[in-house]
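S.K.: Okay, here's the structure, questions in a sec.
The values are calculated or read from the model by the stated rules, or taken from the named source; none is laboratory data. In this text, all values refer to a predicted model and were calculated from it rather than measured experimentally. Note that each Cβ is placed from the backbone with ideal geometry, even for glycine, and that neighbours are counted across all protein chains shown. Just the protein is used for accessible areas: all its heavy atoms, side chains included, with ligands, DNA and RNA removed. Shrake-Rupley method; radii C 1.70, N 1.55, O 1.52, S 1.80 Å.
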Amino acid sequence: QDLGSRAVQPFGAMAIQTETLLGPPSPSRDASASSKIARLLAAPRLPASSQACVDSAEGWRCEQGAVGAHVAGHICAAGPRPTAPAGQGTWMRSTVEFGGYPEFQDRRTKYIADEPEEPEEVARAEEARAQLEKDIAQLKMLHHVVVHLQRGECKPEAPPKEFQSGPSSGSTPPPSPPWAPPVEHLSAQELREAVETVGWNSFKVPFTFDVPADLVPAYASREALVSCAGVAGADFSAATVLNDPLAAQFGPSLLGEDRRFSDASSSNQNCFTQLAAGALEPGTPPWRCWKAIPEWMRCAMVVISTGPGGNGVAFHKHGAAWLALQQGRKRWWLYPPCGPLSRRAYETVALRPAWQLSAEVNALPLEVRPLELHQEAGQGVFVPALWWHATLDCGPTLGIGSQYNMADLDLRECYREHPDSGFVLYHMACELHKTEEERAMKLFEEAIDREPFNFYFCTNQLLFYLNMVFHPRLTMSVVERTLSKARSSLDSRRRMLVLRFAVPTICNFAEWHAPHDRLLKYSARAVALAWDALMELASPMLPGGAEFRLSRELPCLAELRYTAVCSQCGERSIGKAGEPGSIRAHRFLCERCTEVRARATCGCCGQSGGDGQIGHPGTEFASEWYCARCWGSWKSACRAGPKSVQAAPALPPTVPSAFVQPSGAAAQAVAALAHQPTSAPPPPPQSTPPQSAIALAAAGTAVAEAWTVLSAPAVPVVQAGIAREESSKIASGTEASANGRVRAWPTVWERVD
């Protein structure tokens, strides 16, 4: 019917097919209730005032009818919305073998034949393949490190502590934007009658409802749930990072994080659990919550949402769902399936954490703002399938609900109703990718164009190209675009999250093409790109990096080789962290210094093996190893003063003269001390220390070097050196303490004074 004249109020006459859907009015359901329910079955349409919403700077336009169905006032066909048809989702049960889907692997043979033969590459293929295997192993270890960081200290940013009590806001929601449908409120009786008649999936607009009396919550408060989860055998997994929009894209099923609810709740984190009914363990809180939901309200999964306040879940979308609030107060923001209604609105909310949404949304023009709802304890909120929504807890909250999977919907019907939804385009691409691959490729691109910041779409597009055994050149273009977009659009924490899911696919790409000589170059290129992306994020936090901390425990460091500044010689080179469990475990050592330590050949007398140690870091002797005898002789000579210089061993002729040439503060020390006879007594104390003494006090290395040059030019002195036999004193903090280092040079300090 032509309802164009009533487009501004599209819900004014929606009882057209009420009797077809719900039957004639009954004593328990009057005509007004039937009309109310019928309005819930109508898809929204932009009013005339919003149909030409244009962001001139970006050229983003909401076309007429872009929100919701094509026909204003469309009402679903008689009866419930169709569920998933037979055969939908069969691709999810497909077998992926080494190399991709078995039925498409013969494509690789054609790619190899078409690839130009380069004799030089083929000749060194075995060598390149061996190196590639090592590089892939290193990439997997580095990925393991980054995942460890991303799950731990590099989680998405949490709200400030002063914000955790919940933002101040009035009890009345702000004015609804012009595009939004009226928000109906159903009594418990109206809700049951509607759900039992048409089912949750038939409702196309959000609404609120009174919690039915037969929904008896298993837990009345967050405190009761936390207390129960602490009992042995009652704990369960929970996602704690969904306040971040990028994490919300991947969802709780992928971000369980191996976190237990008792641990997360004890640290006052926002927790979200979503579990399929068949996966529930009897006796656990999710199982108890599922049992508390009456059968007529159940969807496919149980949902538990709880938090201390001031946080929530960022914008995301999924199948139809409802949430009943047992405790607290919650704010909701919702957009129709097409998403934000302007470029500015999309860029404002797409990567905005939940706790920042309130201020950002209020800064948008009213016509492109999301619909806002306020939920109180004892109320429920229903969100239709495909609708964008975000939440924020105002104080401690506990909500129990249920949700459908996207697989429970008829995707083709969704596509007919919402061809402007990036979420629908993505799911249609997944559904068609094995049967209509060219169309699926186009749908993937359209979905990413609609949501350019959705990296869940990007990482799964890469997986689709890989499993379908597309030409590696085409797959590489997706790899490069995904990594480049993440680098330009996201901060380091969010990039870690994207790489957490993208790098395993890149490793498969490299391994699947490695056996083929002509395709090796694509594997090597992909591994190099992934390594650079991971290392850019991880290198500051590894040993040798500016942000490394001794308290950080990282996996795989004993085998991981990377480039950093050597803590021994100061050169930037390839190497690895020190041996686990040793006093060097937190230090980065280059391959040269590691080899010097392992070879253990004295740089003075040439003796190999036995006790000894490498020279002190930061000195000219840092890259040489010295046996305990030579080391001890130099220490004794320095303690005794110039009379014992002759007892110290001489340098071998191979030792460079730079070992005995002072520089910087040491040169000033030499100049200051050279004016005094070696045997002369110390000068009388001065009220103001000379500048040379101040310089020496600021640089311990210069003190040792100055004394070396004056008293024994042929003897290398390693500042505060500690022979291997004294290494046990390091742990006890006795003679090897900082004060001990000063006491090791008594003669020098007396001369300076």
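S.K.: Regarding P340, is this residue of a type outside the set (G, A, S) and touching a residue at least 60 places away in the same chain (Cβ under 8 Å)?
M.R.: When the stated conditions are applied, P340 does not pass them.
S.K.: Please enumerate the residues belonging to the stretch 516-562 that are more than 23 Å from the chain's Cα centre (by Cα) and of a type in the set (S, T, Y).
M.R.: If the condition is that a residue be more than 23 Å from the chain's Cα centre (by Cα) and of a type in the set (S, T, Y), then Y522, S523 are the ones that fit.
S.K.: A follow-up question, please. Among the residues of the stretch 607-614, is there at least one that is of a type in the set (A, V, I, L, M, F, W, C) and in contact with a helix residue (DSSP H, G or I) (Cβ under 9 Å, 6 or more places away or on another chain)?
M.R.: yes
S.K.: Sticking with this one: Return a yes/no flag: does the stretch 586-594 have any residue that is modelled with pLDDT of 90 or more, open to solvent by 70 Å² or more (accessible area, probe 1.4 Å) and under 27 Å from G632 (Cβ atoms).
M.R.: yes
S.K.: Here's a follow-up. Output yes when any residue across the stretch 593-601 is more than 26 Å from V145 (Cα to Cα), out of contact with any Ser or Thr (no Cβ under 7 Å at 6 or more places or on another chain) and not small (G, A, S), and no when none is.
M.R.: yes
S.K.: Which residue is nearest to L373 (Cα to Cα), if the candidates are limited to the stretch 311-330 and must be open to solvent by 10 Å² or more (accessible area, probe 1.4 Å) and basic (K, R)?
M.R.: R329
S.K.: Just one of the numbered conditions (1) closer than 30 Å to Q356 by Cβ; (2) in contact (Cβ under 8 Å) with a residue 40 or more places away in the chain is not true of T284; which one?
M.R.: (1)
S.K.: Here is a further query. Which of the residues that make up the stretch 332-349 are open to solvent by 10 Å² or more (accessible area, probe 1.4 Å) and closer than 19 Å to V383 by Cα?
M.R.: W332, C338
S.K.: For the stretch 295-309, name all the residues that are open to solvent by less than 20 Å² (accessible area, probe 1.4 Å) and assigned to a loop (DSSP other than H, G, I, E, B).
M.R.: If the condition is that a residue be open to solvent by less than 20 Å² (accessible area, probe 1.4 Å) and assigned to a loop (DSSP other than H, G, I, E, B), then C299, G309 are the ones that fit.
S.K.: For the stretch 359-470, which helices (runs of 4 or more DSSP H) that fit wholly inside it have 2 or more residues that are among the hydrophobic types (A, V, I, L, M, F, W, C), closer than 30 Å to F98 by Cα and within 27 Å of the chain's Cα centre (by Cα)?
M.R.: Per the criteria, 422-432, 437-450, 455-467.
S.K.: If you scan the stretch 471-496, which residues turn out to be more than 16 Å from the chain's Cα centre (by Cα) and assigned to a helix (DSSP H, G or I)?
M.R.: P472, R473, L474, T475, M476, S477, V478, V479, E480, R481, S484 - these are the residues of the stretch 471-496 that are more than 16 Å from the chain's Cα centre (by Cα) and assigned to a helix (DSSP H, G or I).
S.K.: As an exercise: evaluate L497 against (1) touching a strand residue (DSSP E or B) at 6+ places or on another chain (Cβ under 9 Å); (2) modelled with pLDDT under 95; (3) closer than 27 Å to R352 by Cβ and give the number of the one condition it does not meet.
M.R.: Result: L497 passes all but (1).
S.K.: Being modelled with pLDDT of 75 or more, hydrophobic (A, V, I, L, M, F, W, C) and surrounded by fewer than 21 Cβ atoms within 10 Å (Cβ to Cβ) is the filter here, so list the residues in the stretch 613-650 that pass it.
M.R.: The answer is A622, A628.
S.K.: Testing L398 on (1) out of contact with any strand residue (DSSP E or B) (no Cβ under 8 Å at 6 or more places or on another chain); (2) crowded, with 22+ Cβ neighbours inside 10 Å, one condition comes back false. Which one is that?
M.R.: (1)
S.K.: Here is a check on your reading of the model: is L255 under 30 Å from I448 (Cβ atoms), at pLDDT 90 or above and either out of contact with any Cys (no Cβ under 6 Å at 6 or more places or on another chain) or β-branched (V, I, T) (or both)?
M.R.: The answer is no for L255.
S.K.: I've got another one for you. Report yes if some residue within the stretch 535-558 is in a helix (DSSP H, G or I), over 24 Å from R481 (Cβ atoms) and open to solvent by 10 Å² or more (accessible area, probe 1.4 Å); otherwise report no.
M.R.: yes
S.K.: Take the conditions open to solvent by 50 Å² or more (accessible area, probe 1.4 Å) and either hydrophobic (A, V, I, L, M, F, W, C) or in contact with a His (Cβ under 6 Å, 6 or more places away or on another chain) (or both) and apply them to C605. Does it pass?
M.R.: It is true that C605 is open to solvent by 50 Å² or more (accessible area, probe 1.4 Å) and either hydrophobic (A, V, I, L, M, F, W, C) or in contact with a His (Cβ under 6 Å, 6 or more places away or on another chain) (or both).
S.K.: Can you name every residue in the stretch 350-368 that is crowded, with 24+ Cβ neighbours inside 10 Å and within 29 Å of R412 (Cα to Cα)?
M.R.: Passing the criteria: only V368.
S.K.: If you don't mind, another one. Can you tell me which residues in the stretch 497-515 are open to solvent by 20 Å² or more (accessible area, probe 1.4 Å), under 15 Å from the mean Cα position of the chain (by Cα) and not basic (K, R)?
M.R.: Within the stretch 497-515, F501, P504 meet the criteria.
S.K.: Restricting to the stretch 80-124, name every residue that is more than 36 Å from the chain's Cα centre (by Cα) and either polar (S, T, N, Q) or open to solvent by less than 40 Å² (accessible area, probe 1.4 Å) (or both).
M.R.: Of everything in the stretch 80-124, those that are more than 36 Å from the chain's Cα centre (by Cα) and either polar (S, T, N, Q) or open to solvent by less than 40 Å² (accessible area, probe 1.4 Å) (or both) turn out to be R81, T109, E115.
S.K.: Report every pair of residues separated by at least 6 positions or lying on different chains whose Cβ atoms are under 6 Å apart, first residue within the stretch 422-445 and without any contact (Cβ under 8 Å) to a residue 12 or more places away in the chain, second in a helix (DSSP H, G or I) and open to solvent by less than 50 Å² (accessible area, probe 1.4 Å).
M.R.: Qualifying pairs under 6 Å: L432/A440; R439/L432.
S.K.: Still on this model: Residue under question is K521, and the condition is that it be closer than 18 Å to V146 by Cβ and either in contact with a Gly (Cβ under 8 Å, 6 or more places away or on another chain) or open to solvent by 20 Å² or more (accessible area, probe 1.4 Å) (or both); does it hold?
M.R.: So K521 does not fit the description; no.
S.K.: Would you tally the residues in the stretch 143-160 being closer than 23 Å to N268 by Cβ and either of a type in the set (A, V, I, L, M, F, W, C) or part of a helix (DSSP H, G or I) (or both)?
M.R.: Number of matching residues: 6.
S.K.: Okay, moving on. Quick one: would you say R416 is over 25 Å from A247 (Cβ atoms), open to solvent by 50 Å² or more (accessible area, probe 1.4 Å) and out of contact with any helix residue (DSSP H, G or I) (no Cβ under 9 Å at 6 or more places or on another chain)?
M.R.: Yes.
S.K.: T505 passes all but one of (1) at pLDDT 95 or above; (2) at positive phi; which number fails?
M.R.: Checking T505 against (1) at pLDDT 95 or above; (2) at positive phi, the one that fails is (2).
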